[in-house]
Amino acid sequence: MNGIRFAAPLFLYMLLVIPAMIAFYLLKQQRVTASVRMPGLQPFEHTGKTFRHYLRHILFVLRMVAIALLIIVLARPQKTDRYQDVSTEGIDIVLTQDISGSMLARDFKPDRLDAAKNIATEFISGRPYDRIGLVVFSGESFTQCPITTDHAVLINLLREIQSGMIEDGTAIGMGLATAVNRIKDSKAKSKVIILLTDGVNNRGEIAPATAADIAKTFGIRVYTIGVGTQGTAPYPVQTPYGIQYQDMPVEIDEGILQEIAQKTGGKYFRATDNDKLTQVYKEIDKLEKSKIDIKQFSRKEEKYLVPAIIAFCLLLFEIAARNTIFKNLT
């Protein structure tokens, strides 16, 4: 943060002398009378004052400005530049997002997938010092964005994901395994996977429990999130008349999600609406805080030279003008 500060601010109280001097000057002007009175000038008493009459006040104004500047010089104005040296022990995070057809259910607003994308975007924006990547899965899985510090690119790629990009299904084990593969070689002090799904593992060559064991081997914590209301939810169903929504039972394999979290030292969360999902990400944000060391440096630069030069010039001009061009007006 840059700004002007004064090393000796008490001198600024001397500026109160300026109004007193102005008042004394005005009072003195009212009492000024000519030293020699000439008869016969009464007819000219109400004649308007010329511009030359007001010029005589310029010298007083110049002197007041010079005095004010000299007082500021005594207060020693300084410009302070502050710098921050930020060192971080960041966390590497891979968001693992289910994009199966069931993520279009409308128990979240506008639906589960868009709600998850919006809330994950806020989570990413709140962690500027961490490297974050994105893996998506349904019937199979792939990396949408490698681990990166370019969060703008990550958020753009997150917004582009949609259901139907890959074969439908719920391959939780494959999604987790892909995320582990992306983060396992990280040199970060803390490695985290956030896995979000709304269903039961029904596809893929790797079982969720096996993927959890692999994550544990590499010291990766996995936070699992099950999304979906209790009971039923309006799911999109393809009919001869197009996509229609039908209330169907919500089936989340909470047992395997809890097992994954427990094995890896993470935690399982259940989100039943947008607000609950927001709270889940906030809790994960608190649990996984980056260590940030901030060192502040400051540099002070004296700024009295310019007002001192201006004040000196004004005083010289005032003295010279008083004895030359303004000699007959004072």
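The values are calculated or read from the model by the stated rules, or taken from the named source; none is laboratory data. Just so it is clear, the model here is predicted, and its values are computed rather than measured. Cβ coordinates were reconstructed from backbone atoms using ideal geometry, including for glycine residues, and neighbour counts include every protein chain displayed.
Quick look at the numbers
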read-out	value
Residue match in the range 82-93 (condition: part of a helix (DSSP H, G or I), surrounded by fewer than 16 Cβ atoms within 10 Å (Cβ to Cβ) and either in the same structural domain as ILE194 (by TED's automatic domain parsing) or at pLDDT 55 or above (or both))	no
Of the criteria (1) at pLDDT 95 or above; (2) on the phi > 0 side of the Ramachandran plot, which one GLY204 fails	(1)
Subset tally (residues that are surrounded by fewer than 17 Cβ atoms within 10 Å (Cβ to Cβ), under 22 Å from ILE91 (Cβ atoms) and in contact (Cβ under 8 Å) with a residue 12 or more places away in the chain) for the range 217-259	2
Pairs where the first residue, in the range 94-105, is within 14 Å of TYR245 (Cβ to Cβ) and the second is surrounded by 24 or more Cβ atoms within 10 Å (Cβ to Cβ) and among the hydroxyl-bearing types (Ser, Thr, Tyr), C-beta under 9 Å, 6+ apart	GLY101/SER138; SER102/THR170; MET103/SER138; MET103/THR197
Residue ID - surrounded by the most Cβ atoms within 10 Å (Cβ to Cβ), chosen from residues in the range 111-138 that are outside any helix (DSSP H, G or I) and at pLDDT 95 or above	PHE137
Residue in the range 185-208 that is over 17 Å from GLU259 (Cβ atoms) and in a helix (DSSP H, G or I) present	no
Flag if ARG182 is over 28 Å from the mean Cα position of the chain (by Cα), under 17 Å from SER100 (Cα atoms) and in the same structural domain as ILE260 (by TED's automatic domain parsing)	no
Single match in ALA152, ALA75, ALA105 (criterion: surrounded by 17 or more Cβ atoms within 10 Å (Cβ to Cβ), over 30 Å from GLY199 (Cβ atoms) and of a type in the set (A, V, I, L, M))	ALA75
Given (1) among the aromatic types (Phe, Trp, Tyr); (2) within 32 Å of the chain's Cα centre (by Cα); (3) within 18 Å of VAL135 (Cβ to Cβ), index of the condition PHE218 fails	(2)
Odd one out for ALA115, checked against (1) among the small types (Gly, Ala, Ser); (2) farther than 18 Å from ARG203 by Cβ; (3) touching a Ser or Thr at 6+ places or on another chain (Cβ under 8 Å)	(3)
Subset of the range 260-271 [in contact with a Lys or Arg (Cβ under 7 Å, 6 or more places away or on another chain) and either closer than 19 Å to ALA171 by Cβ or without any contact (Cβ under 8 Å) to a residue 12 or more places away in the chain (or both)]	ALA261, LYS263, THR264
